[in-house]
Amino acid sequence: MKNILVVGAGGQIGTELVPHLQKQYGTDHVIAADVRPEICEKFSQMAITVSLDALDAEAYAQIIKKYKIDAIYNLVALLSATGEKNPQLAWKINMGALINALELAKEYQCAVFTPSSIGAFGLDTPHDQTPQDTIMRPNTIYGVCKVTGELLSDYYFSRFGVDARSVRFPGLISNGALPGGGTTDYAVEIFYEAVKNKRFTCSLPADSYLDMLYMPDALNACTQLMEADPAKLKHRNSFNVTGMSFCPSELYAKIVQRIPEFSMDYQINPVMEKIAASWPNSMDDSCAREEWGWNPVWTCDMMIDDMLAAVAKIIADGRY
């Protein structure tokens, strides 16, 4: 049985990935690591939990040795909009955590999963059915980190044999944790405001199409790729994956069908607008489908019904 270390466990992905991995590998085989004390306290109720600054390579190594780690899920990152407020800090955290994961994986023979993003693309990338292999010249520090991370992970595989794999996530929609500074966060926030206040102010233009993926599919993408036969992987870092594409006005129209009194207006965030304009409207994920059987389950309508039900319970329980 594999021993898994999830670093940056308290973020949007990690909050739901830890229990997902526990179901697959067993509770005692998943270690949740985060730098924030309140996150460690929260996870201590459900998983083996350690406090870790991912930039501290020595402490990182001690955890890998203590728990005999076979695979690292490196989720540490400052997201797109947050990163633009402090590019140097974003580079330090995003790249520092990754290089430590790869170096330690080389030393201790671990596999590494690191999520990449549609943020790795840029204005010059084809925006419709964005190919797996295409020009990648992002205009955000977050995107620069993601492209660098993809190249670095491939380098560690080809040069040192590190089993590094990743997917390019689109916007992720979930109810396990509130979003943390991403350009696609509106697609999560809108559900909370629709249920609680019946009105929402959107930070992106009405016609900003972006790829999205519901978290249950995203979690399956992580584990399916990491369990895939390496002999079948022509690509490693990183695979396009997607589940749906919509713009704010389309999402609003679907929600208002379910909550007729819901209203939405717009207060455009120019930084987010610029970022969104550089990202794909839709991605071609055929390589992931062909090489490791990627096949998302959740449609847009299924996601909306599930999110509204989950968010209503969260609000009723006083957790928002």
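The values are calculated or read from the model by the stated rules, or taken from the named source; none is laboratory data. From a predicted model like this one, the values you see are computed outputs, not experimental measurements. No Cβ is skipped: glycine too gets one built from the backbone with ideal geometry, and neighbour counts run over all protein chains shown.
The table below gives the values:
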| item | result |
| --- | --- |
| Among the candidates 42, 65, 85, residue that is loosely packed, with under 14 Cβ neighbours inside 10 Å and touching a residue at least 12 places away in the same chain (Cβ under 8 Å) | 65 |
| Subset of the range 111-130 (residues that are more than 13 Å from residue 98 (Cα to Cα) and touching a strand residue (DSSP E or B) at 6+ places or on another chain (Cβ under 8 Å)) | 117, 118, 120, 121, 129, 130 |
| Qualifying residue in the range 126-148 (condition: closer than 18 Å to residue 78 by Cα, assigned to a helix (DSSP H, G or I) and polar (S, T, N, Q)) | yes |
| Given (1) outside the structural domain of residue 200 (by TED's automatic domain parsing); (2) outside any helix (DSSP H, G or I), number of the condition residue 265 does not satisfy | (1) |
| Complete set of residues in the range 291-320 that are free of Cβ contacts under 8 Å to residues at least 60 places away in the same chain, over 22 Å from the mean Cα position of the chain (by Cα) and not in a loop (DSSP other than H, G, I, E, B) | 309, 313, 316 |
| Single unsatisfied condition, residue 226 versus (1) modelled with pLDDT of 95 or more; (2) of a type outside the set (Lys, Arg); (3) in contact with a helix residue (DSSP H, G or I) (Cβ under 8 Å, 6 or more places away or on another chain) | (3) |
| Evaluation of residue 221 against (1) farther than 13 Å from residue 184 by Cα; (2) among the small types (Gly, Ala, Ser); (3) outside the structural domain of residue 15 (by TED's automatic domain parsing) (one fails), failing number | (3) |
| Residue that is nearest to residue 196 (Cα to Cα), among those in the range 240-262 that are more than 26 Å from the chain's Cα centre (by Cα) and surrounded by 14 or more Cβ atoms within 10 Å (Cβ to Cβ) | 262 |
| In the range 151-204, the residues that are acidic (Asp, Glu) and farther than 18 Å from residue 16 by Cβ | 154, 163, 193 |
| Residue 71 vs. criteria surrounded by 19 or more Cβ atoms within 10 Å (Cβ to Cβ), more than 12 Å from residue 10 (Cα to Cα) and in contact with a helix residue (DSSP H, G or I) (Cβ under 6 Å, 6 or more places away or on another chain) | no |
| Failed condition for residue 8, given (1) in contact with a His (Cβ under 8 Å, 6 or more places away or on another chain); (2) within 25 Å of residue 212 (Cβ to Cβ) | (1) |
| Enumerated helices (runs of 4 or more DSSP H) restricted to the range 1-112, each holding at least 1 residues that are in contact with a Gly (Cβ under 8 Å, 6 or more places away or on another chain) and assigned by TED's automatic domain parsing to the domain that holds residue 138 | 12-25, 37-43, 80-85, 87-108 |
| Only one of 209, 252 that is touching a His at 6+ places or on another chain (Cβ under 9 Å) and either farther than 16 Å from residue 115 by Cβ or without any contact (Cβ under 8 Å) to a residue 40 or more places away in the chain (or both) | 209 |
| Qualifying residues in the range 271-313 (those that are closer than 22 Å to residue 236 by Cα and hydrophobic (A, V, I, L, M, F, W, C)) - the one surrounded by the most Cβ atoms within 10 Å (Cβ to Cβ) | 279 |
| Single condition residue 119 does not satisfy, out of (1) in contact with a helix residue (DSSP H, G or I) (Cβ under 6 Å, 6 or more places away or on another chain); (2) closer than 20 Å to residue 70 by Cα; (3) in a helix (DSSP H, G or I); (4) not charged (D, E, K, R) | (2) |
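Every residue, every condition in (1) farther than 22 Å from residue 131 by Cα; (2) hydroxyl-bearing (Ser, Thr, Tyr); (3) in contact with a Ser or Thr (Cβ under 9 Å, 6 or more places away or on another chain), yes or no:
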residue: 262; (1), (2), (3): yes, no, no
residue: 267; (1), (2), (3): yes, no, yes
residue: 286; (1), (2), (3): no, yes, no
residue: 291; (1), (2), (3): no, no, no
residue: 297; (1), (2), (3): no, no, no
residue: 304; (1), (2), (3): yes, no, no
